[in-house]
Amino acid sequence: MSMLRSTHRIRTTHTGSLPRPPVVLETLRLLAAGKPVDMTAYERTLTEQVGDVVRQQVEAGIDTVSDGECSKPSFQHYVAERLAGFEPRVPAGGLPVPTGPMGLGGRDALMFPDFYRNVLENNPFRNTIRMPPRVCVGPIRYIRHDKLQRDIRNLKVAMAAAGADEGFMPALAPVTTLQNEYYVTEEEFITAYGEAMREEYQAILDAGLVLQIDFPMLASRWDTASQTMSLADYRKWVAARIANLNHALRGLPEDRIRFHTCYGVNFGPRVSDLPLENILDLIFTIRAGAYSFEAANPRHEHEWRVMERLKLPDGKILIPGAVTHSNVMIEHPETVADRIERWACVAGRENVIFGNDCGFQSTAGNAEIPVTVAWAKLQALGEGARIASARLWHQGGRGVEG
């Protein structure tokens, strides 16, 4: 069954990660620290909390739901415990120097050093779960199918209880910041990584869920790369990474796969963000049926106009953000509806569903978006979609601009 489309009304979703329930977050901290945990009690609690998280999404007006990535320490580091071939230690050459806004090595941080110094001094990530560095020291294999099946089972049980008609599960793209000391070339390393992750992709699809591929770095890396790399060279890098991803997705049903990229969780000026028009044509070459990206914050809200110049490939779906993770102001539902209507008018109402710009807690414990704010934003998304649906299906659309 293909992904559900906005055939009679605007459908809503989000990008996967939601604030972890406190009882789950505390256990994730203990597990990350290698401390003893009553796993029987934890598994029972996790099932209950996923049920609550899915129910709250449905009540907020979210159609295509996830488990909020409840069991994961982060959207990317969860794979460390699911893949064999890695050793928990510092790589031989030492850890790479942090880049990007939080490491003061990105272009945005160089332009606005006073802002980013303040961010570091009041770091909202200080209480996030820290995973130990890992190094690839042997063949990469997927080994924790039990954890994956646990997450799938919890989500499907919760969906049935809450009456959700579609669910999705995020999975990391074949790209990693983990260091390689085993494979001869980076290409071999990434290819092996992709083959292992393909097992996760297949299992999610086999379970009847929509697969979401998470690849923020495809867009966010420009902040640091732009200091040394031309746009033409960056596009070559993007095309090469997409080739790796497409190889991992080969033969899988595109109409059950959606792709997400963004610019990270940075509360910053973000002048260095890569414009959507510089990358969207390449994103459309990814073997997926839908594409999720930022469209609700002040750096990207205007980019609906890109679709006036770029044709959406036949059968594809856009998932623009209609509420943002990059500030804590709760969007007014009428503003959300305006954003939705703009995209619907340029891409076709049946070709769009709407979510948030990026996850509200991509790393467990991140305090930038508090729990109450995250849920209020999802409620604004749900209400905005209802308003936009009334306009687009019953009022003929208003062609909102600006």
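The values are calculated or read from the model by the stated rules, or taken from the named source; none is laboratory data. Predicted model, so just to flag it, every value in this text is computed and none were measured. Methodologically, a virtual Cβ is constructed for each residue, glycine included, from the backbone with ideal geometry; neighbour enumeration extends over all protein chains shown.
Just a few scattered comments:
- Set Tyr201, Tyr182: member being hydroxyl-bearing (Ser, Thr, Tyr), touching a Gly at 6+ places or on another chain (Cβ under 9 Å) and either within 21 Å of Arg89 (Cα to Cα) or assigned to a helix (DSSP H, G or I) (or both): Tyr182
- Any chance Gln49 is more than 14 Å from Asp151 (Cα to Cα) and either of a type outside the set (A, V, I, L, M) or in a strand (DSSP E or B) (or both): no
- Of all the residues in the range 1-28, those that are in a helix (DSSP H, G or I), in contact with a helix residue (DSSP H, G or I) (Cβ under 7 Å, 6 or more places away or on another chain) and among the aliphatic types (A, V, I, L, M) number 2.
- When residues of the range 225-242 are limited to those that are assigned to a loop (DSSP other than H, G, I, E, B) and not β-branched (Val, Ile, Thr), the one surrounded by the fewest Cβ atoms within 10 Å (Cβ to Cβ): Ser230
- Taken over the range 241-274, the residue count meeting the criterion of being closer than 20 Å to Val352 by Cβ and free of Cβ contacts under 8 Å to residues at least 40 places away in the same chain is 1.
- Checked against the criterion of being under 19 Å from Asn266 (Cβ atoms), modelled with pLDDT of 95 or more and crowded, with 23+ Cβ neighbours inside 10 Å, the candidates Phe354, Phe293, Phe360 yield just one match: Phe293.
- Single residue of Phe284, Phe259 found to be among the aromatic types (Phe, Trp, Tyr) and surrounded by fewer than 20 Cβ atoms within 10 Å (Cβ to Cβ): Phe284
- Some residue of the range 75-84 being in contact with a Cys (Cβ under 7 Å, 6 or more places away or on another chain) and assigned to a helix (DSSP H, G or I): no
- The lone exception for Ala376 - which of (1) of a type in the set (A, V, I, L, M, F, W, C); (2) farther than 21 Å from Ile62 by Cα; (3) surrounded by fewer than 24 Cβ atoms within 10 Å (Cβ to Cβ) it fails: (2)
- Being buried (at least 16 other Cβ atoms within 10 Å of the Cβ), under 17 Å from Asn266 (Cβ atoms) and modelled with pLDDT of 95 or more is a description that applies to Thr324.
- The listed residue being assigned to a loop (DSSP other than H, G, I, E, B), closer than 17 Å to Ile213 by Cβ and of a type outside the set (D, E, K, R), out of Leu310, Leu252, Leu245: Leu252
- Every condition in (1) modelled with pLDDT under 95; (2) within 22 Å of the chain's Cα centre (by Cα); (3) surrounded by fewer than 17 Cβ atoms within 10 Å (Cβ to Cβ) holds for Glu26 except the one numbered (2).
- Being in a strand (DSSP E or B) and surrounded by 19 or more Cβ atoms within 10 Å (Cβ to Cβ) is a description that does not apply to Ala158.
- Where Leu95 falls short, out of the listed (1) modelled with pLDDT under 70; (2) in contact with a helix residue (DSSP H, G or I) (Cβ under 7 Å, 6 or more places away or on another chain): (2)
- Matching residues in the range 29-48 - criterion: being closer than 18 Å to Gly167 by Cβ and at pLDDT below 95: none
- The residue that is nearest to Leu381 (Cα to Cα), counting only those in the range 315-334 that are aliphatic (A, V, I, L, M) and not in a strand (DSSP E or B), is Ile330.
- Residue count, the range 29-42 (criterion: in a helix (DSSP H, G or I) and closer than 20 Å to Ala80 by Cβ): 6
- Condition check for Asp108: among the charged types (D, E, K, R), more than 24 Å from the chain's Cα centre (by Cα) and modelled with pLDDT under 95: no
- Test for Ile340: is it β-branched (Val, Ile, Thr), touching a Phe, Trp or Tyr at 6+ places or on another chain (Cβ under 7 Å), under 21 Å from Glu166 (Cα atoms) and in contact (Cβ under 8 Å) with a residue 60 or more places away in the chain: yes
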